[in-house]
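*Asks:* Below is a structure I'd like to ask you about.
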Amino acid sequence: MATVDEPTRRDIEAFVYLEARLADESRYDEWEALVTEDMHYWVPFGPGDYEPGTRVSYINDNRARLGTRIRQLATGVHHAQDPPSSMRRVVSNIEILSAEDDEFEVGSNFVLYEHAVQATGHLRLWAGRATHRLRRTPDGLRMAAKKVELVNSTSPLPNLPFII
Amino acid sequence: MALTVQSSPASNDYRHLVQDDRIHGSLYTDPAVFADEMQRIFTDGWVFVGHESEVPEVGDWVSRRLGTEPLLMVRNRDGAISVVANRCAHRGTTLCPQNDGNNRNFRCAYHGWTYDLDGTLLGVPGPKGFHKDTADLGLDRPGQVDDYRGFVFANRSGTAGPLSDHLGAGGTDLIDRTSDMSPTGRVRLSAGWIGQRIDSNWKMWPESDNDGYHLNFTHASMARAVPDTYYDEIVMTGEDASASITRAYDGGHVELDFRRSYSTELAWLGTKREQVADYCDALERAYGADRAKTIMWDGPPHALVFPNLFLAEMNIARIEPVAPGVTVHHHTPLLVEGTDESVNRRLVLQSEAAMGPASFFLTDDAVIAERMHRAFEGAAAGDDGWVDLSRGIEREHVEDGQRWSDITDETTNRGFWHHYRDVMASVVGNSPNGHA
């Protein structure tokens, strides 16, 4: 656990909440503006304690593939998000796990309710732990990595075409 | 779950429900049809279980379902593969609730009955009070288990005849072409399975996975987001421009055959030779230059081995029925041996893009299937609710036990359903589940 000054802590928490809200509201242009050029977005199978690419993950996006993901969402014909799911997530238990130079590793828990309106109309529940790597830049904090470890990732999952 | 009306005798008349050019939507939603399928297809027939490379060491096991029957595929002490019920022979407790593991033996958590890796009952705690012969009380086992090039199949009833008859020339060729992608001739399924849970009937997956007509519409978002995938030249060019074909073999095995369409070698891998030089060299050493060249140009097949094995190019997928309206589509990257790991890294990345609940392709297929399932949820046998599968029926070619046609034609769908009809029709008047 790392200790940071209070203004830094407030900035970090505000960033995590903003990132969650933009994802909830499918505001992908604004969400994408939060990431760095070396962004890694990872949803592992099971605990994220393996090297991505050595076994199959749900999502293992480098910056280029994340760009493709967001472009696909923006086409208007991505049926899996047409219309976009209505979503709200609650983010809590924010802890600053490490702070080195201008980078912070931040852990948090989340619960996400998704109304999967595209076909079934089911209310889907997603829960897990997010680990953000945030970097201080001249434009403010930016996200260099997001790892999302779902509590039920070792069981079959329904569609996950949005940013979690 | 919304159920249809109780099935009437007519609802199980599979020769009526599956016609040459159309099928009835109640086949997706009727619980009585699902029960018949679990018997006739998943009990009486051969079903894909897994690949021997998944359990390399003695005691390795993976958990599977044969239809809805829970099984373990296990590496035995003698090196052979066993397939046993994941259910204690005493009171029926699931022995191994995890996806996979390694055991010296299987001990039930309820009363401690213990089984050897091949399912033989080794011991019962408190033997003085138990007088049956333990030799008669092993784990349930399918009547037949066999493999072809490491692909393990099981037939619970034991009455399906030899696996080679089930695969036929078509299924054999498809598994050969898949296995030959590896320089050793042996593929490796060691990168883990991911399951996608879809609220649709299982049969929409053999259909959708092997449908050459839907790409431009279902996957329009991918074409716009990535305008240069290899799918552009092989299936998305439309009815007149694509040289790809759709093919149905005897036995319900079907293929989208892209081989005629590739304009470069390794197009199916989305790369060039210098990026995967070690792999290409290994293919040439193993097969000779001519055969290696064919493999590098043709790539792996895109095909269904009836009823549940999807040879998804450089992925293997298992279609697992859960309930009439619930299916799990499991996939794992098809890894190769006899070369450096860089090509396998590439294959894992390619798999993550194409397959699974967060992929660029299967997510759209899933929603389409879920919409289709919803549209038939109230379907009862009658005049409404038919599915038209006539596309291309007048222009398909028949030769050597195969039918083939334009890539956009529904030859694959008809091939699946006509075999399904042959298998299911024998249920009428003789249903083991008492529905007929």
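The values are calculated or read from the model by the stated rules, or taken from the named source; none is laboratory data. Only a predicted model underlies this, so the values are computations on that prediction, with no experimental measurement involved. FYI the Cβ positions are ideal-geometry reconstructions off the backbone, even for glycines, and counts take in every protein chain you see.
*Asks:* Can you tell me how many residues in the range A:52-75 are farther than 21 Å from B:His330 by Cα, of a type outside the set (Gly, Ala, Ser) and within 10 Å of chain B (Cβ to nearest Cβ)?
*Replies:* Summing the residues that are farther than 21 Å from B:His330 by Cα, of a type outside the set (Gly, Ala, Ser) and within 10 Å of chain B (Cβ to nearest Cβ) in the range A:52-75 gives 9.
*Asks:* Does B:Leu27 fit the bill of being buried (at least 23 other Cβ atoms within 10 Å of the Cβ) and over 20 Å from the mean Cα position of the chain (by Cα)?
*Replies:* For B:Leu27, the condition - buried (at least 23 other Cβ atoms within 10 Å of the Cβ) and over 20 Å from the mean Cα position of the chain (by Cα) - is not met.
*Asks:* Go through (1) in contact with a strand residue (DSSP E or B) (Cβ under 6 Å, 6 or more places away or on another chain); (2) more than 11 Å from chain A (Cβ to nearest Cβ) one by one and return the number of the condition B:Val187 breaks.
*Replies:* Failing condition for B:Val187: (1).
*Asks:* Filter the range A:118-140 for residues that are more than 14 Å from chain B (Cβ to nearest Cβ) and either touching an Asp or Glu at 6+ places or on another chain (Cβ under 6 Å) or outside any strand (DSSP E or B) (or both); which is surrounded by the most Cβ atoms within 10 Å (Cβ to Cβ)?
*Replies:* For the range A:118-140, the residue satisfying everything is A:Arg133.
*Asks:* Of the conditions (1) within 14 Å of chain B (Cβ to nearest Cβ); (2) more than 26 Å from B:Met222 (Cα to Cα), A:Ile163 satisfies every one except a single condition; which number is it?
*Replies:* (2)
*Asks:* Out of B:Ser164, B:Ser179, I need the residue that is surrounded by fewer than 17 Cβ atoms within 10 Å (Cβ to Cβ), modelled with pLDDT of 95 or more and touching a strand residue (DSSP E or B) at 6+ places or on another chain (Cβ under 9 Å). Which one?
*Replies:* B:Ser164
*Asks:* Follow-up question, since we're still on this one. I'd like the full set of residues that are touching a residue at least 40 places away in the same chain (Cβ under 8 Å) and either aliphatic (A, V, I, L, M) or more than 28 Å from B:Arg149 (Cβ to Cβ) (or both), limited to the range B:77-87.
*Replies:* Of everything in the range B:77-87, those that are touching a residue at least 40 places away in the same chain (Cβ under 8 Å) and either aliphatic (A, V, I, L, M) or more than 28 Å from B:Arg149 (Cβ to Cβ) (or both) turn out to be B:Ile81, B:Val83, B:Val84, B:Ala85, B:Arg87.
*Asks:* Any chance you could count how many residues in the range A:21-61 are in contact (Cβ under 8 Å) with a residue 12 or more places away in the chain and buried (at least 16 other Cβ atoms within 10 Å of the Cβ)?
*Replies:* 23
*Asks:* Looking at the structure I just gave you, is A:Thr75 free of Cβ contacts under 8 Å to residues at least 24 places away in the same chain, at negative phi and of a type in the set (Ser, Thr, Tyr)?
*Replies:* yes
*Asks:* For residues in the range B:72-130 being in contact with a Pro (Cβ under 7 Å, 6 or more places away or on another chain) and assigned to a loop (DSSP other than H, G, I, E, B), which is surrounded by the most Cβ atoms within 10 Å (Cβ to Cβ)?
*Replies:* Looking at the filtered set, the residue picked out is B:Asn86.
*Asks:* Mind checking which residues of the range B:305-352 are touching a Lys or Arg at 6+ places or on another chain (Cβ under 9 Å) and more than 14 Å from chain A (Cβ to nearest Cβ)?
*Replies:* B:Pro307, B:Asn308, B:Leu309, B:Phe310, B:Leu311, B:Val336, B:Glu337, B:Gly338
*Asks:* For the range B:32-63, give me each residue that is assigned to a helix (DSSP H, G or I), surrounded by fewer than 20 Cβ atoms within 10 Å (Cβ to Cβ) and hydrophobic (A, V, I, L, M, F, W, C).
*Replies:* Of everything in the range B:32-63, just one residue is assigned to a helix (DSSP H, G or I), surrounded by fewer than 20 Cβ atoms within 10 Å (Cβ to Cβ) and hydrophobic (A, V, I, L, M, F, W, C), namely B:Met38.
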